[in-house]
Amino acid sequence: MKKLPFALLAGFAALSFHSVASATIVGTFVPVLQDAATTPPAGFVAQDLSVTTDTDWTQAELVVNLTTGNFNQVDFFGTNGNGEPPSAGTIAAVPGLRWDTYLTGWGALQTWSSAGGAVDIGGSAATFNTTKIDKQWFTTDTSDIGTSTLGRFVASTNASGSWKLLLSSATGTFSLNGQVANGVFVVPEPGTLVLAGLSIPALAFAIRRRRQVA
């Protein structure tokens, strides 16, 4: 999505104030240094995708392409899986799953539904492996409001590449993109995803329709 100058963006927000309820959705990648007294595997760094919204979160889309390095994938199910989170029970049996790379619904280790690849931000077929993520995921719950994590990403310290993220709420969408450097998702300044009632009607309609029919 092309970024508009701040002054113009603020002007549009003011003009739309009476016709579209304003809302804010903020997302960022947060370093995870320790979890349940354990640390990431040697040679890897971990980050959670943390999102805060004051209207119902409806969907997320993410594309990550690593050109060097890899995501940690704990081969518990015999494959790299499709990005589903481990359950608390499987983590108890296999503690290393705590540092798997996975997506979640609204809440830690919550399951989700998939609508395929992240087609709204340049993705194609749904993919989730050690060097590429191309996913859109959602839940049908209408009370996904507040602050939650939407995934954990554990990458090798030599991982580099690029990423694109699109978050959607009940009232609009906004996107952000950046680079992966030394295994870290680098978030460009201002480092937030802000939604102020500036939805793109066609995109928002398509996302809602996919969520309803999936």
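Length available on full extension from A108 to N158: 0.36 nm per residue minus the Cα-Cα distance, which gives 15.3 nm.
Please tell me the relative contact order of the range 114-168 in percent, rounded to the nearest whole number, where contacts are Cα pairs under 8 Å and at least six residues apart.
The normalised contact order for the range 114-168 reaches 28 percent.
Distances between placed amide hydrogens fall under 5 Å for Q110 paired with G105, all partners being 5 or more residues away or on another chain.
The numbers here are math on the coordinates, done by the rules we state, and not lab data. Values in this document were obtained by computation on a predicted structure and should not be read as measured data.
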